[in-house]
1. Which angle from 0 to 90°, rounded to the nearest 10, does the C-alpha axis of helix 21-36 make with the longest principal axis of the chain?
2. Round to the nearest 10 and give me the degree value, 0 to 90, for the angle of helix 4-16's Cα axis relative to the longest principal axis of the chain.
3. Among 55-61, 32-38, what's the highest-first ranking by average C-beta atoms within 10 angstrom per residue?
4. Please state, rounded to one decimal and in Å, the Kirkwood hydrodynamic radius that the range 17-60 gives when every pair of distinct Cα atoms enters the mean of 1/r.
Amino acid sequence: MESPAVADLVEHLTRSTALPRGVAERLVADVCDWFAESVEQFVRRRHRELQALGHTNEQIFDQLAGELTERPFAAPALSARQLRRIVYG
């Protein structure tokens with residue numbers, strides 16, 4: 001079930017842009033999913049992405065620690081050890 005705020009945003013986008021309703025709905029859904037990502041999901045996803053680019057774990061964990069401060073969720077400061085535990089269990 002779509003929340004009233006999401007429905008209002010979709011309506012706003014269709015009125016204020018040339019986006020068709022279906023495209024506006026998908027766009028809003030993608031943005032909502034992006035902001036709903038948990039710290040653990042983000043760390044695992046970014047670790048995979050950076051690892052695929054050939055970065056070492058030391059580089060990855062340093063970068064992740066910095067990126068977490070820029071994300072739209074309230075993340076605690078995590079040490080490299082805590083980041084490793086999220087990735088490897």
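Values in this text are rule-based calculations from the coordinates and carry no lab data. If you're wondering where the values come from, they're calculated on a predicted model, not measured in any experiment. For neighbour counting, all protein chains shown are included, and Cβ atoms are generated from backbone atoms with ideal geometry for every residue, glycine included.
1. For helix 21-36, the angle is close to 30 degrees.
2. 70
3. 55-61, 32-38
4. When all Cα pairs of the range 17-60 are included, the Kirkwood radius is 12.5 Å.
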